[in-house]
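The values are calculated or read from the model by the stated rules, or taken from the named source; none is laboratory data. For clarity, every value in this text was computed on a predicted model and none was experimentally measured. Note that each Cβ is placed from the backbone with ideal geometry, even for glycine, and that neighbours are counted across all protein chains shown.
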Amino acid sequence: MIRPIFFVLAFAAYSAYALQCHQVTAGNLSIPDTSQRQECMVGALTCLKVVDYSRGTYTKQCQAMNCTQGGVQNSAAGCTNTSAFGVNGATCCCYGDGCNSAPQTGLITAFGITTALVSLVKFMA
């Protein structure tokens with residue numbers, strides 16, 4: 001009798017403290033994100049957002065490892081801009097409930113557009 005009660009209490013405690021992230025399989029940057037936070041799987045440590053400016057898409061998910069930037073794992077939360085093989089994007093990793101909410105605009109978008117234009121000019125030359 002004690003075991004079922006223990007498992008119910010343990011599950012309730014887990015549910016109260018599980019990380020919650022926005023989870024979007026395929027989002028469009030031109031359509032505002034209306035996703036709600038969802039509970040992550042057991043062991044999730046961070047929230048992740050991957051933006052592909054070349055295609056105008058993004059994904060959001062839970063991640064079972066700490067943020068990694070510049071090859072350094074356990075780094076602080078933040079975004080890294082990327083440009084490879086004609087694809088311009090950004091990967092943002094963060095700690096805490098709902099920290100991967102809206103797709104970032106501003107500097108990251110400006111960087112993405114600038115990188116795309118530079119790539120296009122190089123391609124045309």
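If you go through region 69-78 one residue at a time, do you hit one that is surrounded by 13 or more Cβ atoms within 10 Å (Cβ to Cβ), modelled with pLDDT of 90 or more and in contact with a Ser or Thr (Cβ under 8 Å, 6 or more places away or on another chain)?
No.
Before we move on, is Ala84 modelled with pLDDT of 65 or more, of a type in the set (A, V, I, L, M) and more than 29 Å from Gln38 (Cβ to Cβ)?
Against the criterion (modelled with pLDDT of 65 or more, of a type in the set (A, V, I, L, M) and more than 29 Å from Gln38 (Cβ to Cβ)), Ala84 qualifies.
Testing Gln61 on (1) part of a strand (DSSP E or B); (2) over 14 Å from Ala102 (Cα atoms), one condition comes back false. Which one is that?
It is condition (2) that Gln61 fails.
Collect the residues in region 23-41 that are free of Cβ contacts under 8 Å to residues at least 40 places away in the same chain and of a type in the set (A, V, I, L, M, F, W, C), keeping them in residue-number order.
Val24, Ala26, Ile31, Cys40, Met41
Looking only at region 24-48, count every residue that is of a type in the set (Asp, Glu) and in a loop (DSSP other than H, G, I, E, B) and tell me the total.
Narrowing region 24-48 to residues of a type in the set (Asp, Glu): 33, 39.
If we keep only those that are in a loop (DSSP other than H, G, I, E, B) as well, we get 33.
Total meeting the criteria: 1.
In this structure, does Ala102 turn out to be modelled with pLDDT under 85, of a type in the set (Gly, Ala, Ser), out of contact with any strand residue (DSSP E or B) (no Cβ under 8 Å at 6 or more places or on another chain) and not in a helix (DSSP H, G or I)?
Working: modelled with pLDDT under 85: yes; of a type in the set (Gly, Ala, Ser): yes; out of contact with any strand residue (DSSP E or B) (no Cβ under 8 Å at 6 or more places or on another chain): yes; not in a helix (DSSP H, G or I): yes.
Spelling it out, Ala102 is indeed modelled with pLDDT under 85, of a type in the set (Gly, Ala, Ser), out of contact with any strand residue (DSSP E or B) (no Cβ under 8 Å at 6 or more places or on another chain) and not in a helix (DSSP H, G or I).
Here's the yes/no breakdown for (1) within 13 Å of the chain's Cα centre (by Cα); (2) modelled with pLDDT under 95:
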residue	(1), (2)
Tyr17	no, yes
Gln20	yes, no
Glu39	no, no
Ser54	no, yes
Lys60	yes, no
